[in-house]
Amino acid sequence: MKKYLILALLSGCLQVNAQTKNVGFIPYKDGNKIDVLIDGRHFSSFLYSSQLEKPILYPLNTASGLTITRGFPLETRDQERTDHPHHVGLWLNYESVNGLDFWNNSYNIPAEKKSKYGWIRSVEVLQTKDGAKEGKLVYTANWERQDQHVLLKERTTLIFSGTAHTRTVDRITTLTAVKDTVYFKDVKDGMLGLRVTKELELPSNQVAEFSDSQGNRTKVSASTNGANGDYLTSAGKKGNEAWGTRADWCLLSGVKDGQEISVAMIDHPKNPGYPTYWHARDYGLFAANPLGQEVFSKGKESLNLRLLPGTSVTFRYRILLTSSEKPGIVTLQQQALEFSKKK
């Protein structure tokens with residue numbers, strides 16, 4: 001009892017001392033980009049150009065101004081990896097939706113193979129709402145085949161907030177099947193994905209090779225770029241042991257430019273497959289995949305989510321960035337508890 005009282009008091013102190021900052025939006029005239037400002041500083045941009053295979057948030061910056069996302073393929077930076085061009089910013093999609101691969105689609109897929117991949121297109125921003133404590137961006141989009149046949153309608157709400165040392169994104173995405181029954185096969189690549197800066201990669205001397213659902217192979221070299229990141233899950237798994245395990249949250253932390261930075265993903269109890277499996281790789285892919293149960297459990301579990309026409313499923317996640325200090329377990333537990341109370 002004493003232990004939990006101390007935790008509660010610590011959580012309360014952290015919350016009282018955290019003063020929220022104003023959130024605002026700046027839309028671009030071309031209609032393909034909206035900047036997100038917190039306390040007058042650039043936090044991220046919502047990018048939804050028709051040239052992209054899905055809408056993304058890119059980059060993601062800490063309150064102190066350090067970027068935690070990889071630059072490639074939108075920007076090139078010294079000593080950064082240039083593998084997996086579909087890993088860009090922060091996104092949400094899936095590897096197998098009625099047999100179409102939404103996850104691995106990118107400019108790198110040859111035209112003759114594109115029919116095997118899906119797009120998230122026809123993005124329409126419904127609302128941007130500034131706020132003294134939080135800001136909200138709402139958009140809709142279509143999950144489509146190459147012939148523009150719509151499988152799923154997406155409606156996503158992004159809620160942004162921040163303090164002197166944190167930046168937070170709450171993402172609520174509802175997917176609705178349109179005319180077809182939609183099947184999400186249990187696979188490895190999904191669902192909420194983030195590709196991080198080289199400093200947050202885990203140190204590794206291994207050369208790895210990965211293939212997508214169509215057999216396209218990508219090699220990932222050993223890290224020689226100052227990688228010093230490490231994973232920690234709510235279940236106590238660290239480093240590479242976090243991959244393929246379930247937990248309420250997962251934290252990735254490291255040092256960049258002499259400053260402690262971190263990013264945490266928090267699952268919501270109402271999500272399918274809760275607590276999610278973590279598709280957390282040492283080379284910088286950080287993802288939550290609640291739908292790949294058969295793969296991660298080695299056949300002991302299965303989900304194979306199915307949506308009948310007109311039915312929906314909702315996914316809720318919190319992404320928490322910190323700078324100058326690494327959040328402790330108490331802070332993450334408090335964040336998870338607070339987020340779990342959101343509808």
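What follows is calculated from the coordinates using simple rules that are stated; it is not laboratory data. As the structure is a computational prediction, the values presented were derived from the model and not from experiment. Here Cβ is always computed from backbone atoms with ideal geometry, including for glycine, and neighbour counts include all displayed protein chains.
Here are the numbers:
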| quantity | calculated |
| --- | --- |
| Inter-site label distance for residue 155 and residue 178 at 7 Å from Cα along Cβ, in nm | 1.6 |
| Theoretical FRET efficiency, 1/(1+(r/R0)^6), r = Cβ-Cβ of residue 218 and residue 325, R0 30 Å, to 0.05 | 0.30 |
| Exposed chymotrypsin sites (Phe, Trp or Tyr not before Pro) absent - longest run of the chain, DSSP non-H/G/I/E/B, at most 12 other C-beta within 10 Å | 108-343 |
| Given charges at beta-carbon only (K, R positive; D, E negative), |dipole| of the chain in Debye | 780 |
| Farthest toward positive dipole pole in the chain [+1 Lys/Arg, -1 Asp/Glu at C-beta], among 152, 283, 255 | 152 |
| Loop sites in segment 47-151: GluC sites (Glu not before Pro), DSSP, at most 13 other Cβ within 10 Å | 75 |
| All lysines inside 19 Å of residue 33 as judged from Cα atoms, apart from same-chain residues fewer than 8 positions distant | 54, 129, 136 |
| Of 24, 310, 44, farthest towards positive along the dipole that unit charges on Lys, Arg, Asp, Glu beta carbons give the chain | 310 |
| Cross-link reach list, aspartates and glutamates versus residue 238, counting only Cα pairs under 13 Å and skipping chain neighbours closer than eight places | 230, 282 |
| Of the trypsin sites (Lys or Arg not before Pro) in segment 160-210, those whose Cβ has at most 16 other Cβ within 10 Å and which sit in DSSP loop | 179 |
| Calculated [θ] (222 nm, deg cm²/dmol) that DSSP helices of n ≥ 4 give over the chain, each run adding -39,500 (n - 2.57) | -3000 deg cm²/dmol |
| For the chain, Kirkwood radius (reciprocal of mean inverse C-alpha pair distance, Å) | 20.4 |
| Projected label distance in nm at residue 126 and residue 49, using a 7 Å step from Cα toward the beta-carbon | 2.7 |
| Translational diffusion of segment 92-169, µm² s⁻¹ [Kirkwood Rh, Cα pairs; Stokes-Einstein; 25 °C; 0.890 mPa s] | 170 |
| Within straight-line cross-link reach of residue 300, aspartates and glutamates at Cα separation under 14 Å, skipping those fewer than 8 residues along the same chain | 186 |
| Convex hull (Cα only) mean projected area of segment 100-141, reported in nm² to one decimal | 4.2 |
